[in-house]
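Nothing in this text is a laboratory measurement; each read-out follows from the coordinates by a stated rule. Just so it is clear, the structure is predicted and the values come from calculations on it, not from any experiment. Don't worry about glycine lacking a Cβ; one is built from the backbone with ideal geometry, like all the others, and counts go over all protein chains shown.
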Amino acid sequence: MRLLLLAPPGAGKGTQAKRLSEHYGIESISSGELLRREVAKGTPCGRAAKDYLDRGDLVPDDLIRDIVVEQVKKADAKGGFILDGYPRNLSQAKEASRLADDEGIGIDGAIYLDVSRDELLRRLLHRGETQSRSDDQEATIRHRLDVFDSETRPLLDYFREGGLLIPVNGEQPVEHVTQDIIAALTARVPPSQSPAATRSGSPDQPRSDGGSR
Ligand code: AMP
């Protein structure tokens, strides 16, 4: 199973990625976590990324692409992945599509967790009080939500047109959100279907059924 997780900050990406990774026995990859690790290690990539992360802006595409691609290829060789936080803008989505074509790594679905802005703000402010992420201050939180709306939200149409978007109500209890995702995926990718048969289709190449699943 190869999945993308598209959702604004605070929608529960990390929680759902972990649950889906356990359910399907696939690796969970978070682009934000990969970057935070680079920052913590003080690598050249981390030093270049730090100010973007602190401001809540997207890092330049070429800074994130290679580290994500490397992890995706490794995870894919082990049976699949759930990729949280990448792609985050249209040029990254097109890059991911190219990769899917070149490497034969097509995705089975792009999950969108739908949560209202008020609820996202409430959750992120709470997280800011209980954890110590440098980007969970109120002004930065509001900026990250704006960045999601301007840069990432357009990807919903992109994946919908490719027949790959799986929208889920992210304001339900955690386990209901997971159940809805699994039910939608089961309807699209029946477990009896061979992995080879499920590994078709990138957003630029909608599946042959016209995306009507
Ligand atoms: P996240 O943990 O997904 O909320 O990401 C935290 C921060 O990492 C974001 O605010 C961006 O600064 C950066 N980031 C994560 N993924 C990407 C990406 N695909 N493209 C650019 N920046 C990213």
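Quick rundown of the values:
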item	result
HN-Hα J in Hz across region 24-41 - Karplus 6.51, -1.76, 1.60, θ = phi - 60°, x for Gly and Pro	9, x, 10, 7, 9, 10, 10, 5, x, 5, 4, 5, 4, 5, 5, 4, 4, 7
Whole-angstrom gap from region 38-99 to region 145-184, using each part's C-alpha centre	19
Acute angle (nearest 10 degrees) that the helix 174-188 long axis makes with the longest principal axis of the chain, alpha-carbon atoms	30
Using θ = phi - 60° and Karplus 6.51 cos²θ - 1.76 cosθ + 1.60, couplings along region 80-91 (whole Hz; Gly, Pro as x)	x, 7, 10, 9, 9, x, 9, x, 10, 8, 5, 5
Placed amide H near residue 111: partners under 5 Å, 5+ positions off or other chain	4, 5, 6, 166
Between 0 and 90°, nearest 10: helix 138-147 axis offset from the chain longest Cα axis	30
Cα-projected label distance for residue 160 with residue 134, points at 7 Å along beta-carbon direction, nm	3.6
For residue 30, distant residues with modelled amide H under 5 Å away	84
Karplus-derived 3J(HN,Hα), 6.51/-1.76/1.60, for each residue of region 157-162, Hz, glycine and proline x	5, 4, 6, 4, 5, x
Rounded tilt (10° steps) of 44-55 against the dominant C-alpha axis of the chain	70
Percentage relative contact order, region 20-93, counting C-alpha pairs under 8 Å, at least six apart	44
Percent breakdown of C-alpha pair distances by 5 Å bin, ordered from the shortest bin, for the chain	1, 7, 15, 20, 21, 17, 11, 5, 2, 0
Whole-number percent relative contact order across region 5-162, with pairs defined as alpha carbons under 8 Å at least 6 apart	35
Within the chain, helix-based [θ] at 222 nm, where runs of 4 or more DSSP H residues each add -39,500 (n - 2.57), nearest 500	-17000 deg cm²/dmol
Placed amide H near residue 81: partners under 5 Å, 5+ positions off or other chain	2, 3, 27
